[in-house]
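*Asks:* The structure's right below; bear with me while I get my questions together.
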Amino acid sequence: MDNTSGTPSSSTLPVSVVGLGLMGRSLARAFLRAGHPVTVWNRTSSKAAQLVADGARLAPSAGDALRSGSLTVLCLTDYAAVLDVLDGDDVGLDGTTVVNLTSGSSSDGREAARRVERRGARYLDGAIMAVPSAIGTADAVVLHSGPRSVFEKHEPTLAALGTVTHLGEDPGLAALYDVAGLTMMWSVLDAWLHGTALLRTAGVDAATFAPFAQQIAAEVAGWLPGYAEQVDRGSFPAEVSTLETDVRAMSHLIAESEAAGVNDELPRLIKAIADRSVAAGHGTEQYPVLIEEFSKPSGAGQAESSGR
Ligand code: FVH
């Protein structure tokens, strides 16, 4: 940034970090490395020792930390802890900017935004898609949602943490993307582990299966943009195979799992969802038609297919 006007460059803007657990300490370290004056506060002050040795200032209270930064990053266990801190006696928020990187739900994020903005502060909610050691590198993806103008103003500072993105004005979006990413991650890992369990019964080890599994995962990932178009259009013509054909293959998967003596809960769940869709008349359509099953509460789908 041009600094000839006397305007502070982004790296000289003071930043506060409240919450110095494993993640909070990494965030504070990244701001220090980027050249920011950093104020820190933690309920257990001893966790600040190394950061203070590295140049951070330890605030005597959370309120002091919130007054000291051009923005304050919160990274606490959960939203209950966030409210404990923000509702503290000496905490005034008027005119401050709070970036809350604590994990929580979309409603937690929206509620925190309402409370903070009501007290005269600007608020961004966020989600960290990285481990502490990645913070400060491009591999650390940090999602933000809330007013775009607030994000744009602080983006050069937040960029010290990694690859930062703004998802939209709704403060609940960061948490929603976070959990959408988690459902992808655990579903892929569970599928790989189930496949690994099957192959191990024939003496094939996990390392041998892994490259094949990687290839399948990459191929399926390539289908997503086309399938997303079908979902957004709400039209699911069978271009490659019908859901009925997929359901027959699901039966083979269950039978193979039973015969091999491995856990069959995952294929049974997969087939139960597809069976409901076939029963609802979608057997000749393509797989993404299952969005209709995923878009209603679980009980509703089960009740319909059992005639309840
Ligand atoms: N660590 C990670 O890899 C993940 C990556 C993805 C995102 N998470 C989220 O980041 C939040 C913090 O996680 P953390 O790993 O830093 O957690 P801890 O090391 O357990 O630190 C928790 C800090 O919260 C403070 N705290 C808790 N309750 C209160 C409270 N009522 N009042 C004030 N502070 C509170 C705690 O203070 P202390 O116990 O040291 O006194 C720690 O500073 C989290 O949302 C992850 O999901 C990290």
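The values are calculated or read from the model by the stated rules, or taken from the named source; none is laboratory data. The structure presented is a predicted model; accordingly, all values stated were derived computationally and were not measured. Here the Cβ is made from the backbone with ideal geometry for all residues, glycine too, and neighbour counts use every protein chain on show. Calculation scope for accessible area: heavy atoms of the full protein, side chains included, ligands and nucleic acids excluded. Shrake-Rupley method; radii C 1.70, N 1.55, O 1.52, S 1.80 Å.
*Asks:* Name, by its number, the condition in (1) open to solvent by less than 30 Å² (accessible area, probe 1.4 Å); (2) within 12 Å of the ligand (Cβ to nearest atom); (3) not small (G, A, S) that does not hold for T44.
*Replies:* (1)
*Asks:* Restricting attention to the stretch 272-284, report how many residues are of a type outside the set (A, V, I, L, M) and open to solvent by less than 50 Å² (accessible area, probe 1.4 Å).
*Replies:* 4
*Asks:* Continuing with this model, one more query. In the list L101, L86, L124, L74, which residue meets the criterion of being out of contact with any strand residue (DSSP E or B) (no Cβ under 7 Å at 6 or more places or on another chain), buried (at least 20 other Cβ atoms within 10 Å of the Cβ) and within 26 Å of L32 (Cβ to Cβ)?
*Replies:* L86
*Asks:* Turning to a different aspect of this structure: Give the number of residues within the stretch 118-168 that are in contact (Cβ under 8 Å) with a residue 12 or more places away in the chain and within 16 Å of the chain's Cα centre (by Cα).
*Replies:* 26
*Asks:* Show me the helices (runs of 4 or more DSSP H) entirely contained within the stretch 201-308 in which 3 or more residues are farther than 18 Å from S187 by Cα and not hydrophobic (A, V, I, L, M, F, W, C).
*Replies:* Ranges flagged: 206-233, 243-260, 265-277, 298-305.
*Asks:* Another question, if that's okay. Does the stretch 186-222 hold any residues that are of a type in the set (F, W, Y) and exposed (fewer than 11 other Cβ atoms within 10 Å of the Cβ), and which are they?
*Replies:* Across the stretch 186-222, the qualifying residue is only W186.
*Asks:* Go through the stretch 67-111 and count every residue that is touching a residue at least 40 places away in the same chain (Cβ under 8 Å), within 14 Å of the ligand (Cβ to nearest atom) and in contact with a helix residue (DSSP H, G or I) (Cβ under 8 Å, 6 or more places away or on another chain).
*Replies:* 14
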